[in-house]
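Data first, discussion second: the structure below is written as structure tokens.
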Amino acid sequence: MENFTGTGGQVDAEIQPRGLADAGWELPADEVEARFRALVAGLEPESPIDAGIKRVALLQARKAQLEAEEARELAMLARLYVAEEGPDARVDLVYRSLAAELALACRVSDRTMESRIIYAEELVDEYPGTLEALAAGTIGIGHARVIVECGDPIDDPELRGKYEAAVLKRAVNITPGRLRRLARQAAEKLAAVTFEERHRKAREGRSVRMFEGVDGMSELVHTVPTVFAVAMFDRLTAQAKAVKAANPADARTLDQVRADLACELVLTGQPSGDPDAPHAAGIGIRPEVSILIPVLTLLGESDEPASIAGRGPIGLDDATRLAGNAPSLIRVLTHPVSQQVLAVDSYRPSKKLRRYLHRRDGRCRCPSCARPPGDCDLDHTTAWQHGGKTEVGNLADLCPNHHTIKHLPGWSVKQISPGVLEWTSPHGVTAVDIPDTPVTFQ
């Protein structure tokens, strides 16, 4: 018997279970130590913050379970409703009636309830593995919606099952936003209609629309191929940063400067050329966009779509034309099996290390973030002043927000191998982050 004092005063604790000691048995020293530490840990009260984090995580799991339960109920209701109306009833009217009835009961709009029913039937009938994971709380509501929505182009049930199994493996460790990019690219490989065919049709819907808002404001929506949208946004961002750097007293946010620049570019062709004008620093800045082209696609032996680093798939015609001709683009070729970078070249000179790391990371390297490399800084995982080297195994892209968080008290980040970061929060939450690579199928 050994006495020691815990948080509640003096406590008597037996290191060995009484039954084993009476029988003349002795426990190994390491097991004695483990049991002693476990006993002591049990005497220390859990901090309110640790307990709160666990409760929130538990609530998220419960919400996921309720979402799965609701999906099952809605799918069953749809079947019962259709059966009750009989084989001669118009199915679309049956669903409208069900949606209206549920909308009244739940105090939501008919349209909202109709979309819930459609999603529920897809989830229950076509994605049983996702439904099971949702019911178990291992994935969240957002993950399930991404898997269902991105799998829409896959018609074949066997291929859909293959897609679901592969994407679910990723879903348990990443955010819905990051999963959406990977799931969309994975679905393209198995879709009945190739991405190129769907993209050519979708391009016909490009447009500029205006939606009037409140307080004298409106939204101008420009629907164009992703490769051009990313390039335009990148140019606006680079110009806005240049304007802010040249005018430290400018109180506008980056979003506000981007909006003002977009107005000038559309209305006048470029920011004002007057040296004293607020946007003069943005003149001459062009976008930089990274095009990722699988080698087999480039050779004409695969239908896997090209993509923009940190974004989704793009049309191959646009990718090859822009990667071959535009001086502001960087071409990245990936290995058909490992998905690792084979080669990087640029028509505009830049620092090789910075360029390589931006392409490797593809986003902010905090596990919960998906901001693209253009919004990030290269951070020394181990600080330079503490002996950290400026090399691939000690650098990673971090957005300004997570760059700041990394240096707050209690946070730590280790690069356990080149490109693999382990984050630890002040209250012991750990997460390992690896660069996103396309989902592959066995």
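The values are calculated or read from the model by the stated rules, or taken from the named source; none is laboratory data. Given the structure is predicted, the values throughout are model-derived calculations rather than measurements. Note that we place each Cβ from the backbone using ideal geometry, even for glycine, and neighbour counts take in every protein chain shown. Ligands, DNA and RNA are stripped out before the accessible areas are found, and what is left, the full protein with its side chains, is counted by its heavy atoms. Shrake-Rupley method; radii C 1.70, N 1.55, O 1.52, S 1.80 Å.
Please go through region 193-233 and give me each residue that is β-branched (Val, Ile, Thr) and assigned to a loop (DSSP other than H, G, I, E, B), ordered by number.
Residues satisfying the conditions are Val193, Thr194, Val214, Val224.
Could you pull out the residue among Thr430, Thr404 that is free of Cβ contacts under 8 Å to residues at least 60 places away in the same chain and closer than 12 Å to Pro367 by Cα?
Answer to the check: Thr430.
Taking Leu159 as the residue in question, decide whether it is surrounded by fewer than 21 Cβ atoms within 10 Å (Cβ to Cβ) and of a type outside the set (Phe, Trp, Tyr).
When the stated conditions are applied, Leu159 passes them.
Which is closer than 25 Å to Trp423 by Cβ and either without any contact (Cβ under 8 Å) to a residue 40 or more places away in the chain or open to solvent by less than 30 Å² (accessible area, probe 1.4 Å) (or both), of Gly129, Gly137?
Residue meeting the stated conditions: Gly137.
Filter region 109-139 down to the residues that are of a type in the set (Asp, Glu) and closer than 23 Å to Val172 by Cβ and list them by number.
Hits for region 109-139 are Glu122, Asp125, Glu126, Glu132.
Determine whether Ala99 is free of Cβ contacts under 8 Å to residues at least 12 places away in the same chain and either among the hydrophobic types (A, V, I, L, M, F, W, C) or open to solvent by 70 Å² or more (accessible area, probe 1.4 Å) (or both).
So Ala99 does not fit the description; no.
Which residues, counting only those in region 209-238, are more than 27 Å from Ala306 (Cα to Cα) and either of a type in the set (Gly, Ala, Ser) or surrounded by 15 or more Cβ atoms within 10 Å (Cβ to Cβ) (or both)?
Matches in region 209-238: Gly213, Gly216, Ser218.
From Ala238, Ala229, Ala192, Ala202, grab the single residue that is touching a residue at least 60 places away in the same chain (Cβ under 8 Å) and of a type in the set (A, V, I, L, M, F, W, C).
Ala238
Is one or more of the residues making up region 417-439 under 26 Å from Ile147 (Cβ atoms), of a type in the set (Val, Ile, Thr) and buried (at least 17 other Cβ atoms within 10 Å of the Cβ)?
For region 417-439, residues under 26 Å from Ile147 (Cβ atoms), of a type in the set (Val, Ile, Thr) and buried (at least 17 other Cβ atoms within 10 Å of the Cβ): present.
Taking the criterion of being loosely packed, with under 12 Cβ neighbours inside 10 Å, free of Cβ contacts under 8 Å to residues at least 12 places away in the same chain and either over 30 Å from Thr430 (Cα atoms) or not aromatic (Phe, Trp, Tyr) (or both), would at least one residue in region 58-72 satisfy it?
Yes, region 58-72 contains a residue that is loosely packed, with under 12 Cβ neighbours inside 10 Å, free of Cβ contacts under 8 Å to residues at least 12 places away in the same chain and either over 30 Å from Thr430 (Cα atoms) or not aromatic (Phe, Trp, Tyr) (or both).
Looking at Leu77, is it modelled with pLDDT of 90 or more, out of contact with any His (no Cβ under 9 Å at 6 or more places or on another chain), surrounded by fewer than 13 Cβ atoms within 10 Å (Cβ to Cβ) and within 26 Å of Ile141 (Cα to Cα)?
In short, no.
Can you name the residue in region 402-435 that is among the hydrophobic types (A, V, I, L, M, F, W, C) and in a loop (DSSP other than H, G, I, E, B) and, of all such residues, is farthest from Ile53 (Cα to Cα)?
Ile434
Looking only at region 175-188, decide whether some residue is exposed (fewer than 14 other Cβ atoms within 10 Å of the Cβ) and either out of contact with any helix residue (DSSP H, G or I) (no Cβ under 7 Å at 6 or more places or on another chain) or touching a residue at least 60 places away in the same chain (Cβ under 8 Å) (or both).
no
Mind checking whether some residue in region 251-272 is of a type in the set (Lys, Arg), assigned to a helix (DSSP H, G or I), open to solvent by less than 60 Å² (accessible area, probe 1.4 Å) and modelled with pLDDT of 90 or more?
Looking for residues that are of a type in the set (Lys, Arg), assigned to a helix (DSSP H, G or I), open to solvent by less than 60 Å² (accessible area, probe 1.4 Å) and modelled with pLDDT of 90 or more, one finds at least one in region 251-272, hence yes.
Taking only region 239-250 into account, find how many residues are assigned to a helix (DSSP H, G or I) and either in contact with a helix residue (DSSP H, G or I) (Cβ under 6 Å, 6 or more places away or on another chain) or surrounded by fewer than 15 Cβ atoms within 10 Å (Cβ to Cβ) (or both).
So the count comes out to 6.
Can you tell me which residues in region 148-176 are hydrophobic (A, V, I, L, M, F, W, C), assigned to a helix (DSSP H, G or I) and more than 28 Å from Ala431 (Cα to Cα)?
Hit for region 148-176 is Leu159, nothing else.
Which residues, counting only those in region 210-232, are under 30 Å from Leu292 (Cα atoms) and at pLDDT 90 or above?
Listed by number, the residues that qualify are Leu220, Val221, His222, Thr223, Val224.
Please go through region 111-126 and pick out each residue that is of a type in the set (Asp, Glu) and surrounded by fewer than 17 Cβ atoms within 10 Å (Cβ to Cβ).
Matches in region 111-126: Asp125 only.
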